[in-house]
Amino acid sequence: MTPPEAPRDGTANHGETPPAVSVCASNGIVVLRKRSDFLKAARARRQGAGSMMVQARKRAEGEAQGIRVGFTCSKKVGNAVARNRAKRRLREAARLVLPEMGRPGWDYVLIGRPNDTAARPFDALLDDLRQALRKLHAPKP
């Protein structure tokens, strides 16, 4: 048997894997990667919801563009499988909710809670995030 031919248009992959693309990238949302960004968000506003904790901070002018979001789950959430499942659910919730309720110029960190993040019905998870964002962006009395 002969190996399949590469496309003639010059788009051959040459055995390389495609670059990793963030789930949130299609919505103009950037994923936080640096520890310093997480620490800055931890010193800012926070709002608890039934299935998660949401930290939010308004960035300084010129610091970055658009909406940025980070995800974290401590070992209290469970083993690696449980933490990854909780983070996947948080990523999907952020992908659906932040484009409509998030504000450009803000960083958000979604923190998973033990048992609640992975077990809560997904519609309730979305409602928790919406409620937390409403409270975070509500004017202070």
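The values are calculated or read from the model by the stated rules, or taken from the named source; none is laboratory data. The model shown is predicted, which means the values in this text are computed figures rather than measured ones. Quick reminder, even Gly has a Cβ in these numbers, built from the backbone with ideal geometry, and neighbours come from all protein chains shown. Ligands, DNA and RNA are excluded from the accessible area calculation, which covers all protein heavy atoms including side chains. Shrake-Rupley method; radii C 1.70, N 1.55, O 1.52, S 1.80 Å.
Determine whether ALA49 is in contact with a helix residue (DSSP H, G or I) (Cβ under 9 Å, 6 or more places away or on another chain) and closer than 19 Å to LEU126 by Cβ. It is true that ALA49 is in contact with a helix residue (DSSP H, G or I) (Cβ under 9 Å, 6 or more places away or on another chain) and closer than 19 Å to LEU126 by Cβ. Of all residues in the range 101-116, those that are of a type outside the set (A, V, I, L, M, F, W, C) and either under 15 Å from LYS135 (Cα atoms) or open to solvent by less than 60 Å² (accessible area, probe 1.4 Å) (or both) total 7.
In summary, strands (runs of 3 or more DSSP E) completely within the range 24-141 and bearing 3 or more residues that are under 15 Å from the mean Cα position of the chain (by Cα) and at negative phi occur at 29-31, 52-58, 67-72, 106-112. Residue count for the range 44-71, restricted to those that are farther than 21 Å from ARG134 by Cβ and either modelled with pLDDT of 95 or more or not charged (D, E, K, R) (or both): 4. For first residues located in the range 122-141 and under 19 Å from GLY112 (Cβ atoms), partners that are of a type in the set (S, T, N, Q) and assigned to a loop (DSSP other than H, G, I, E, B) and lie 6+ apart or on another chain with Cβ distances below 8 Å form the pairs ALA124/SER51; LEU125/SER51; ASP128/SER51.
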